[in-house]
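Each value in this text was obtained by applying a stated rule to the coordinates, not by laboratory testing. Just so it is clear, the structure is predicted and the values come from calculations on it, not from any experiment. Because the Cβ atoms are built from the backbone with ideal geometry, glycine has one as well, and the counts that use them run over all protein chains shown.
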Amino acid sequence: MSIVSLLESAAVNATKELFGHDLQPGQLPLTPTRKEFAGDYTLVVFPLTKIARKSPDAIAAELGEWMVSNVEEVTGYNVIKGFLNVELGTTYWNNFLRKAVNTKNYGRQAPNGKRVIVEFASPNTNKPLHLGHIRNILLGWSCSKILEAAGYNVINVQVVNDRGIAICKSMLAWNLFGEGETPESSGIKGDHLVGKYYVAFESRFKEEYAAWQASSTGKEIVENHQKENETEAEFFGRYKNTYFNEYSALGKQAKAMLLAWEAGDAETVALWKQMNSWVYAGFDQTYAQLGVHFDKLYFESDTYLLGKAIVEKGLSDGLFQKKQDGSVFVDLKDVGLDEKTLLRKDGTSLYITQDLGTARIRYDDFGAKHMVYVVADEQNYHFKALFETLKKLGEPYADGLHHLAYGMVDLPTGKMKSREGTVVDADDLMAEVIGEARENTKERGELDSLSADEREDIIRKIGLAALKYFIIRVTPQKRMIFDPKESVDLQGQTGPYIQNAYVRIKSVLRKAGELNSGSFEDYRGLEEQERELLILLAKFPELVEAAAAEYDPSEIANYCYALAKEYHRFYHEHSILNCDSENVKKFRLDLSSLTAEVLETGMDLLGIEMPDRM
């Protein structure tokens, strides 16, 4: 039992015995004591004032006396304005450190027998991975590692959006303007090449739309459909999709290509396979650089057919309905939503169609009744509708679905737009932060004695730590602004700052040599910084469970920073290798060793590697 659980149980027992009232563990908030006060943990007793009919100070004093008398680990207490600060004896902290430093994989939980699928990345094959994808990938990868550390059997999957009108736009543009260009002939990475033609399509479409706006037809449309007080620019912004679907020559060709693909036209399918193969090769390089891999890939080109079959079956069973135009929808008004279209009027599928098929296939493959979808919060309504539709279908896993929604990533200059080419490319971004790390290490000169390969490996770890930590430290639900200059700052609350604490400890342990293998006797003179480190270290296992329950890697990221900061403070204020007492030296070496292990484990849960030198 952790110390927090022990103290929470003690508070329950004390409340029952002293005031005759039953509590549940955790009903009285328990937090580490603030540094300006004496004690290790603080219990908030204000919820008991109505029950005990006493002042908060009196209640806290009675609880404190009870704990000192009945809880072996508690050796003292003090009361400040109704807050009970309890102090744990040095014997407890000595025993904790001995046990923790000898516990294999400290902080990781035993397998719980539960299986969970985590879906993340899920890119489109019409463009390369960009900054927005990086946030998705890092959140998904980190969540999967945290869930695994919490005892789950995790399967990482991605659904590749390899079909649809956006993919046809790239294909059509390559057909019209590509002149046979390939990754080999151009020297351009495959996903970048396909993305180039997606931007080219949008550029040509924009020109076409502008010309149409100036035409007599366009002016007539404005005259007949423009709303009162609406500017012409506002109208054309609103009318863009209608123009694409009803008037655009390029739009007509792209939609014809989509229908040809769904009909299995040999020439269209061959082009689709060729261009997608270029993209997959590019994706694989990016994933390898990020240190990410998947257990299984699903493709919308496979799952949409099953999705359509599920919709047709739901229609025949009376779960779904058909409109006069032929489109199929599910009525979700009974759960506070609206009507959700499942098939278009021309019979083609939508994202929800293939998501229905994908969910069924994944359950058939793995039998997991818990699935996590890592997708931006712009799709909140989509996933609410998907989950409720699966419940109407009676799917056995429908109650175990979770949408890990995250805020979009903006640039200091505004939103990114793939179709306009105004994105921060994932490959370029990684190269930039690694390059910045290389320049910083050159200035310090601390890696000059290493081989070129060793230097480059360390530089890669530092650069990617800067990028990954900057992204993950933000709570997923928050929208964030990515500032490339700030992300590569190697000081402050950054990944390299935490790496530096780890490297510092490894240096101390190397210098200690055989001293590190010893075991200390009871150490009675705990310093404030030592207590602070012990309290943080004791928190780690429960934090892993909490982060898994909340699907929030930022909790681990901010914890690692707090632990690194506290160790830097301890290191600067207390001697380790030059202590007068061998007992103190061994204690501090074990304390340092456990701190290094927890930092390494915590950063690994974020997908960040730790170097031995910097």
Using amide H atoms built 1.01 Å from N in the peptide plane, name the residues 5+ places from TYR406, or on other chains, whose amide H lies under 5 Å from its own. VAL375, ALA376, ASP377
On the formula 1/(1 + (r/R0)^6), with r taken between the Cβ atoms of ASP365 and THR242 and R0 of 51 Å, the FRET efficiency rounded to 0.05 is 0.80
When a footprinting reagent is the concern and you count Cβ atoms within 10 Å, what order do SER316, SER554, SER9 take, fewest first? SER316, SER9, SER554
Can you give me the distance in nm between label points at ALA233 and ARG344, each placed 7 Å from the Cα along the Cα-to-Cβ direction? 3.1
Describe numerically, in nm with one decimal, the distance between label points set 7 Å from Cα along Cα→Cβ at VAL424 and at ALA110. 4.4
Tail beyond 37 Å, pair distance distribution of the chain (Cα, percent): 49
Out of the stretch 151-196, which GluC sites (Glu not before Pro) are coil in DSSP terms and have no more than 11 other C-beta atoms within 10 Å? GLU179
Students often forget the sequence filter, so: which lysines lie under 24 Å Cα-Cα from LYS206 once same-chain residues fewer than 8 apart are removed? LYS127, LYS169, LYS196, LYS219, LYS227, LYS240, LYS252, LYS255, LYS415, LYS417
THR75/ASP399 FRET efficiency (R0 45 Å; Cβ-Cβ; nearest 0.05): 0.45
Mind ordering 109-122, 350-363, 235-248, 47-60 by average Cβ neighbours within 10 Å, highest first? 350-363, 109-122, 47-60, 235-248
Net charge dipole size for the chain [Lys, Arg +1 and Asp, Glu -1 on Cβ; Debye, nearest 20]: 580
Additional length obtainable on full extension of the chain from ALA309 to GLU207, 0.36 nm per residue less Cα span: 32.8 nm
Given 0.36 nm per residue, what is the gain on full extension from GLU582 to TYR381 after removing their alpha carbon distance, in nm? 66.1 nm
Under the Karplus curve 6.51 cos²θ - 1.76 cosθ + 1.60, θ = phi - 60°, whole-Hz ³J(HN,Hα) for the stretch 397-409, x wherever Gly or Pro sits: 9, 5, 8, x, 9, 9, 9, 7, 7, 9, x, 5, 10
Extending each Cα 7 Å along its Cβ direction at SER449 and HIS568, get the distance between those two points in nm, one decimal. 2.4
Using 1/(1 + (r/R0)^6) with R0 = 56 angstrom and r between the beta carbons of GLU456 and GLU65, what's the FRET efficiency to the nearest 0.05? 0.35
Can you give the extra length, in nm with one decimal, that the chain gains between GLN24 and ALA281 once fully stretched, where that is 0.36 nm per residue apart less the Cα-Cα distance? 87.1 nm
Other-chain or far-sequence residues with amide H under 5 Å of ILE80's (modelled H): ASN85
Calculated P(r) tail over 26 Å for the stretch 427-604, as whole % of Cα pairs: 38
Spin-label proximity, ARG510 to the stretch 595-614 - amide N less than 15 Å from point 7 Å beyond Cα toward beta carbon: 610-614
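Order by neighbour count: CYS560, CYS579, CYS143, fewest other Cβ atoms within 10 Å first, most last. Don't skip to the answer; put the middle values down first.
Numbers: CYS560 29, CYS579 15, CYS143 26.
Lowest count first: CYS579, CYS143, CYS560.
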What are the semi-axes of the equivalent ellipsoid for the stretch 3-88, taken as the square roots of 5 times the Cα gyration tensor eigenvalues, largest first, in whole Å? 18, 14, 12
Just want the ordering: TYR209, TYR551, from fewest to most Cβ atoms lying within 10 Å of their own Cβ. TYR209, TYR551
